[in-house]
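What follows is a set of notes on a single structure, which appears directly below.
The values are calculated or read from the model by the stated rules, or taken from the named source; none is laboratory data. Remember, it's a predicted structure, so these values are computed and weren't measured experimentally. Here the Cβ positions follow ideal geometry from the backbone for every residue, glycine too, while neighbour counts run over all protein chains shown.
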Amino acid sequence: MSPLKSGTISLVAALILLALGIPYVAAAQPGPADSDSRALGFAEFSFGFKAGVNLAQHVGTEERGADYTVSSTWRRGFAGGVFLNFPVTSRFAVQQEVLYVQKGSRQDIGVEILDIPTVLHVTYDMDYIEIPVLLRLAWIKREQSELFGTAGTVLAIKVRDRYRLDGVVTDGLESVPLYADADMSEVDMFDFSLTYGFGFEFPLLGRSALLEYRFTMGMNTLSMPTYAYVPFEGEDELVDNEPVPLKNQSHSVMFGIAF
């Protein structure tokens, strides 16, 4: 394992342990501030776990040229992790999370190679550790249930990636395959995003459960690879193309339990 990946895993482990440990440290050290908060009607902070599905896509940042076409589909992946909720008032809270989120996209790119129409199938897989900081506002409160909205910023650290391409250039008589399968270490490791969504919290089996939807839009422009290899006389010849400027975008639906 490379030092970079080892260091990333250590950072992620430390963040998760910190998120899990804070409630117990605070609970073991009660003080006058706790009594003051309860006297003012502030709720105690909570922590929990959430997991669900993430639908990810890449969006272009430049106007598409007339010399190629793109048909995009979503990558269906996992999203989940831990969270801490710090109430400021009975309706407003700050929420800190550490999530593992699978992003990327699927692209069918139509181009002309040597004046021959060709479709290239491209797969981008990018997994991140995301650290959102959210503002949470309760819109409607009924006893132990709450309809709320969230908005905030996200720092994402890329921990896994893969770029794959396959296609065939054929004139009807002879076919030449194009392919690629490699990591994307040249793509920025960090990504910054804005996020917003809404959710519903309700009692379930003596705990607080929540169902949440979230939309996350990347602010960074990522230079995504488009190169390919062509077999020629027993060797692989590189066909290098300019990287494509794209941004991450995703929709998440997660179910969680708070303690």
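Points worth noting:
- When residues of region 68-94 are limited to those that are among the small types (Gly, Ala, Ser) and farther than 18 Å from Arg160 by Cα, the one surrounded by the fewest Cβ atoms within 10 Å (Cβ to Cβ): Ser71
A quick yes/no check of all residues on (1) under 21 Å from Asp188 (Cα atoms); (2) at pLDDT below 50:
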site	(1), (2)
Leu4	yes, yes
Pro30	no, yes
Arg75	yes, no
Phe92	no, no
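- Region 188-203 residues that are modelled with pLDDT of 95 or more, paired with ones that are of a type in the set (Val, Ile, Thr) and surrounded by 14 or more Cβ atoms within 10 Å (Cβ to Cβ) (beta carbon under 6 Å, 6 or more apart): Ser193/Val154; Ser193/Thr216; Thr195/Val154; Thr195/Thr216; Gly197/Thr150
- Filtering region 191-211 to residues that are of a type in the set (A, V, I, L, M) and crowded, with 18+ Cβ neighbours inside 10 Å leaves only Leu210.
- Considering each residue of region 191-212 in turn, none proves to be outside any strand (DSSP E or B) and either of a type in the set (D, E, K, R) or within 22 Å of the chain's Cα centre (by Cα) (or both).
- First in region 213-228 and free of Cβ contacts under 8 Å to residues at least 12 places away in the same chain, second anywhere and assigned to a loop (DSSP other than H, G, I, E, B) and surrounded by fewer than 19 Cβ atoms within 10 Å (Cβ to Cβ), Cβ under 8 Å, 6 or more apart: none
- Filtering Tyr128, Tyr163 for residues that are part of a strand (DSSP E or B) and either over 16 Å from Gly80 (Cα atoms) or at pLDDT below 95 (or both) leaves a single hit, Tyr163.
- Flag if Glu174 is surrounded by 18 or more Cβ atoms within 10 Å (Cβ to Cβ) and among the acidic types (Asp, Glu): no
- Among the residues making up region 119-137, those that are of a type outside the set (Asp, Glu) and either crowded, with 17+ Cβ neighbours inside 10 Å or at positive phi (or both) are Leu120, Val122, Tyr124, Met126, Tyr128, Ile129, Ile131, Pro132, Leu134, Arg136.
- Residue, surrounded by the most Cβ atoms within 10 Å (Cβ to Cβ), within region 138-160, restricted to residues that are without any contact (Cβ under 8 Å) to a residue 40 or more places away in the chain and under 28 Å from Asn220 (Cβ atoms): Lys158
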